[in-house]
Amino acid sequence: MVDESRRRQYLEAMGVQLWLSRRAASTPNVEEPAVPFTGEPCTTVEETVVSAEQKWRQLEAGVKQCTACELHRQRTQTVFGVGSHRAKWMIIGEAPGADEDRQGEPFVGRAGKLLNAMLLALGFQREHVYITNIVKCRPPQNRDPRPDETAQCAAYLRQQIALIKPKIILAIGRVAAQNLLNTDISLGRLRGQVHRYGDTHIPVVVTYHPAYLLRSPLEKRKAWQDLQYAMSVFRQSLED
Ligand code: URA
Ligand code: SF4
């Protein structure tokens, strides 16, 4: 017999949430005489497998209230993510900017317009993919998020990825790439190869940030190469 605390650990590891009834949580009195059958169910543990949509709602509500790092102080609102919960492509940027902080949606400013165009070039509408950022609150003056902030926020992204189980992750820019891959190798050297997210098999492909491409339009050609490369990795990952 697996004992109750071990069983809970397994279920939690699988993402199944479990609520113990108050009766089960209290120490059972083994001396108590057997209760006559009353017609009530004899289960002492109420297990509820929470639906994926409920998990999404819980996760988003958790982010909305989050004050785990300093970035909560100056935000207008959190920027959770947008797109299809069944997306095969996940696009992960750095952090909300001013437009995103105002509208509560990732990549809605100038860089977002270019990202939309890049996605369209691949044949995707924005709604077909899932777009989010490494951190969910805007860093003041658009500075890079600090390591303590990305560390505090990482669990949210981890859960988003676990819920979607994308076939490919496209990391947009250096901050996204380095945080997703837990490395300080430069963006230039991370491009053009398949990485894996954590200990999963989910492929990660890295490309330039559209904000950078707006400043350096000549690099767009290389970004297009990255996207085509990502598409070939995606096709391969569908066969795996
Ligand atoms: N830049 C990002 O990295 N993310 C956004 O959501 C907007 C701009
Ligand atoms: Fe919480 Fe992430 Fe916002 Fe920090 S950036 S307050 S960890 S949601």
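The values are calculated or read from the model by the stated rules, or taken from the named source; none is laboratory data. As the structure is a computational prediction, the values presented were derived from the model and not from experiment. Note that each Cβ is placed from the backbone with ideal geometry, even for glycine, and that neighbours are counted across all protein chains shown.
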Qualifying residue in region 92-111 (condition: without any contact (Cβ under 8 Å) to a residue 40 or more places away in the chain and among the β-branched types (V, I, T)): yes
When residues of region 144-156 are limited to those that are under 18 Å from the mean Cα position of the chain (by Cα) and acidic (D, E), the one surrounded by the fewest Cβ atoms within 10 Å (Cβ to Cβ): D148
Matching residues in region 60-111 - criterion: being farther than 13 Å from K136 by Cβ and among the β-branched types (V, I, T): I91, V108
Single residue of Q178, Q159, Q141 found to be among the polar types (S, T, N, Q), within 12 Å of the chain's Cα centre (by Cα) and surrounded by fewer than 23 Cβ atoms within 10 Å (Cβ to Cβ): Q159
Within region 192-222, considering residues that are farther than 10 Å from I172 by Cβ and in a strand (DSSP E or B), the one nearest to ligand 2 (Cβ to nearest atom): V204
Residue in region 52-72 that is more than 14 Å from ligand 1 (Cβ to nearest atom), modelled with pLDDT under 95, touching a Ser or Thr at 6+ places or on another chain (Cβ under 6 Å) and over 30 Å from R235 (Cβ atoms) present: no
Test: residue in region 124-134 that is of a type in the set (S, T, Y), at pLDDT 95 or above, away from ligand 2 (no atom under 16 Å from the Cβ) and buried (at least 21 other Cβ atoms within 10 Å of the Cβ): yes
Which numbered condition Q17 misses (of (1) at pLDDT below 95; (2) of a type outside the set (K, R); (3) exposed (fewer than 12 other Cβ atoms within 10 Å of the Cβ)): (3)
Test for R102: is it surrounded by fewer than 19 Cβ atoms within 10 Å (Cβ to Cβ), at pLDDT 95 or above and more than 25 Å from A151 (Cα to Cα): no
Region 178-189 residues that are part of a loop (DSSP other than H, G, I, E, B), paired with ones that are among the hydrophobic types (A, V, I, L, M, F, W, C) and crowded, with 18+ Cβ neighbours inside 10 Å (beta carbon under 9 Å, 6 or more apart): T183/A177; T183/L190; I185/A177
Test: residue in region 113-124 that is part of a loop (DSSP other than H, G, I, E, B), away from ligand 1 (no atom under 13 Å from the Cβ), within 23 Å of L213 (Cα to Cα) and without any contact (Cβ under 8 Å) to a residue 12 or more places away in the chain: yes
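Out of the residues in region 53-69 that are hydrophobic (A, V, I, L, M, F, W, C) and within 17 Å of S84 (Cβ to Cβ), state the one that is nearest to ligand 2 (Cβ to nearest atom).
The first filter runs over region 53-69 and keeps only residues hydrophobic (A, V, I, L, M, F, W, C), leaving 56, 59, 61, 63, 66, 68-69.
Restricting the remaining residues to those that are within 17 Å of S84 (Cβ to Cβ) gives 56, 59.
Values: W56: 16, L59: 11 Å.
For region 53-69, the residue satisfying everything is L59.
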Region 134-175: number of residues that are part of a loop (DSSP other than H, G, I, E, B) and within 15 Å of ligand 1 (Cβ to nearest atom): 10
